[in-house]
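Heads up, the thing below is written out as structure tokens.
Quick note: the coordinates plus some simple rules give every number you see, no bench work behind them. On a predicted model such as this, the values are computed, not experimentally measured, just so you know. Backbone-built Cβ (ideal geometry, glycine too); neighbour counts: all protein chains shown.
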């Protein structure tokens, strides 16, 4: 028997970052929106734990026990006194190391798939607790939709979304390390008072109304200066998207994927074509949100 779970990518429409905490993390006000780019994680009983992966950039995905999908399987198995003897296959379509939570999505997908395969029937709260242990973005990958993440991003409050938002994503020719981007954020802010992170009321209202123009006026990412400092060429991609008519342009999370909010699917096609022709990025994808969280597809 196999179980397949589909999990979405995310874009951060607001990422407010506080000062570094004593534990090395940062308090966040992280407004997540799940978008329709998906990985699929298939779990099958096996003699031992192993991970395989195919799809774009699959060669960049670790296939050992550092993979979040493997860690998720082991975490659930440990809680229920069993061994994680499964084959985890990841059909990868979310950009790797792109600031769109692809690894986190795989962790959430593997967790839900193993729960179904093993019949552990873990309560939702327990699954979210395991997700939070795995990483700050993993809980949102499980729930999808739109949510405000506080703490280090793992404490979620569901948000109302009044319509569909259309996006274009430009993938860079290399990745960016999330810890490196946070270190650069700390370096750039050294000696200054970093304000407490707070979600923008205007942004939350724009999401609730489904208003792309109002959302465009309020999107923000406190990590963007750090990402641009480490990867200056991203400025050219952002400029190309704005010139092509995007309502807003920002680095997605810790980058290096850049995200462009557009009004409708036709605008998305135009901006995507212009970005592709600009030579400032490796590949371009379009997607809309909100998208559902981790969903069992077969089993």
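Going highest first, how would you order 188-196, 165-173 by mean Cβ packing within 10 Å? Each step should come with its number before you reach the end.
On the way: 188-196: 9.9, 165-173: 24.0.
Going from most to least packed, we get 165-173, 188-196.
If each residue of separation counts as 0.36 nm, what is the full-extension length gain between residue 235 and residue 63 once their alpha-carbon separation is subtracted?
Values: separation 172, 0.36 × 172 = 61.92 nm, distance 3.28 nm.
Taking 0.36 nm per residue and subtracting the Cα distance, the gain is 58.6 nm.
Relative to the longest principal axis of the Cα atoms of the chain, helix 124-134 runs at roughly 70 degrees. So what is the 222 nm mean residue ellipticity for the chain from helices alone, if each DSSP H run of at least 4 adds -39500 (n - 2.57) and you divide by all residues, rounding to the nearest 500 deg cm²/dmol? Mean residue ellipticity, 222 nm, calculated: -10000 deg cm²/dmol. If the chain linking residue 133 and residue 295 were pulled fully straight, counting 0.36 nm for each residue of separation and taking away their Cα-Cα distance, it would gain 56.3 nm. Seen against the Cα atoms of the chain and their longest principal axis, helix 102-118 is set at about 30 degrees.
Within the listed set 279, 175, 109, the residue fluctuating most in the Gaussian network model of the chain (springs between alpha-carbon atoms under 10 angstrom) is 279. The separation of region 278-295 from region 152-195, counted between C-alpha centres, amounts to 16 Å. Counted residue by residue at 0.36 nm each, then reduced by the alpha carbon distance between them, the extension gain from residue 80 to residue 120 reaches 13.7 nm.
Between the Cα long axis of helix 68-79 and the first principal axis of the chain there is an angle of about 40°, rounded to the nearest 10. Mean projection of the Cα convex hull over all viewing directions, computed for region 170-299: 10.1 nm².
Going highest first, how would you order 127-139, 207-219 by mean Cβ packing within 10 Å?
Numbers: 127-139: 22.1, 207-219: 17.5.
By packing density, highest mean first, the sequence is 127-139, 207-219.
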